[in-house]
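Have a look at the structure below, then the notes.
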Amino acid sequence: MSKDNFALSTGYLKKVVPLLMKYQVSATPTNYALWYTYVADADTDLSKEINESIHATGTLSEVQCDQLYQSHFADKKVKEADDFQQSLQALALEMGNTMQDTLKDTDTFQSTLDKTFSQLARVGEETLSMDETIAVVRSAVKGSNQIRQSTSFFKNQLADAQKEIERLKETLAQANEEALNDALTGLFNRRAFDAELDALASKPPPKGFSLLICDLDHFKSFNDTYGHLMGDQVLKLTAKRLSDYCREGIQAFRYGGEEFAILVPNRQLNGACRVAETIRASIDRLVIKDKKTGKKLDNISMSIGVAQFEKGEKIKSLIGRADALLYEAKSLGRNRVMPIA
């Protein structure tokens, strides 16, 4: 390395350390690489993303640093392996839900067969002799027994397969416990939410921030009626709608089950409520198609509780206030934002 290059790189390093301290970023090798590239202006796209985040929130969190490193530095094969692992986890989730739906349908099918052949066994044919009638009934009963055995075997096989899927899901969950993305929706997960909220609370943006806790209405009933695969489709579409509003520093997370969390920086309560109302209306317009029946379903809605972070407030208190407002929205009839802006 020439003296000029050495001096230049030393100058960059001297700029990196103060930035890490200013934005309270851990001095890890990946963060060094990220911020070194930034101060050297060696990647214009990276510099643009960092500047936009700093402008919107006044900082760059650990979660965002990790995401930017994966986007701009991580080896392609490593990224492909991560993508494959997430796809496999999503597949396991969907297969598990398919098993549950199929088992439910199998129970109904077997019950119907039992009832049908039970009635058939009591029907007499006046045009047939007694021996012939008995033969028909015996044949029907025999067929019923065979189908019952086949259905019972199929049900047992599905049950065994479901156990294997559950084992696979547990294994993948353990392997991915350090991951930051939810496999099904692609949003940030609860772990990322906790880290990001902690970062915002410890160093709030200039104009503070607000938290939205969102919950799909009657989701359990929807799952029971249309099946888990349709439920998964609703979660994915909901996540896509939420992602559409992730600009100017806004971040969306899958909080758990049918619950989502959204962090809105540099917005006071009224502004955050307007964001929430826009999101609620967007979800209310969602229409999906039941592939089994071809029927369009438009009865999807979301309730949202909004709370503004108060200086010095505990994170638990902020989440509790947003949760309380969410339950108030539910008790008032759902499909609404609380407090009313």
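A count restricted to region 231-250 and to residues that are under 14 Å from the mean Cα position of the chain (by Cα) and either of a type in the set (A, V, I, L, M) or buried (at least 18 other Cβ atoms within 10 Å of the Cβ) (or both) stands at 9.
Do you know which residues across region 251-270 are open to solvent by less than 60 Å² (accessible area, probe 1.4 Å) and either out of contact with any strand residue (DSSP E or B) (no Cβ under 8 Å at 6 or more places or on another chain) or free of Cβ contacts under 8 Å to residues at least 40 places away in the same chain (or both)? Lay out the reasoning, then the answer.
Let us first name the residues in region 251-270 that are open to solvent by less than 60 Å² (accessible area, probe 1.4 Å), namely 251-266, 269.
Selection gives GLY256, GLY257.
Screening PHE309 against (1) more than 21 Å from the chain's Cα centre (by Cα); (2) surrounded by fewer than 20 Cβ atoms within 10 Å (Cβ to Cβ); (3) aromatic (Phe, Trp, Tyr) leaves a single unmet condition, (2). If you go through region 304-322 and keep only what is touching a residue at least 12 places away in the same chain (Cβ under 8 Å) and closer than 15 Å to LEU197 by Cα, you end up with VAL306, ALA307, GLN308, PHE309, LYS311, GLU313, ILE315, LEU318, ILE319, ARG321, ALA322. Scanning region 312-324 for residues that are assigned to a helix (DSSP H, G or I) and either under 20 Å from VAL275 (Cβ atoms) or out of contact with any Asp or Glu (no Cβ under 9 Å at 6 or more places or on another chain) (or both), we see that the one that is most open to solvent (accessible area, probe 1.4 Å) is LYS316.
If you check every pair at least six apart or on different chains, which have Cβ atoms under 8 Å apart with a residue in region 273-301 that is farther than 27 Å from LEU325 by Cα and open to solvent by less than 20 Å² (accessible area, probe 1.4 Å) first and a residue that is among the β-branched types (Val, Ile, Thr) and assigned to a strand (DSSP E or B) second? Within 8 Å, the pairs are LEU297/ILE288.
Criterion applied to ALA201, ALA173 was being aliphatic (A, V, I, L, M), at pLDDT 90 or above and part of a helix (DSSP H, G or I), and the one residue passing it is ALA201. Quick one: TYR327 ticks every box in (1) modelled with pLDDT under 95; (2) open to solvent by 80 Å² or more (accessible area, probe 1.4 Å); (3) of a type outside the set (D, E, K, R); (4) over 22 Å from ALA199 (Cα atoms) except a single one, so which number is it? Failing condition for TYR327: (1).
Scan region 41-57 and give yes if some residue there is modelled with pLDDT under 80, of a type in the set (D, E, K, R) and surrounded by 12 or more Cβ atoms within 10 Å (Cβ to Cβ), otherwise no. For region 41-57, residues modelled with pLDDT under 80, of a type in the set (D, E, K, R) and surrounded by 12 or more Cβ atoms within 10 Å (Cβ to Cβ): absent.
Within the span defined as region 212-220, one or more residues are touching a Ser or Thr at 6+ places or on another chain (Cβ under 9 Å), open to solvent by less than 20 Å² (accessible area, probe 1.4 Å) and either assigned to a loop (DSSP other than H, G, I, E, B) or at positive phi (or both).
The values are calculated or read from the model by the stated rules, or taken from the named source; none is laboratory data. Note that the structure is predicted; figures quoted are calculated from it, not measured. With ideal geometry, Cβ positions are generated from the backbone for all residues, glycine too; neighbour counts draw on all protein chains shown. Each accessible area value is taken on the protein alone, full model and side chains, heavy atoms only, with ligands, DNA and RNA left out. Shrake-Rupley method; radii C 1.70, N 1.55, O 1.52, S 1.80 Å.
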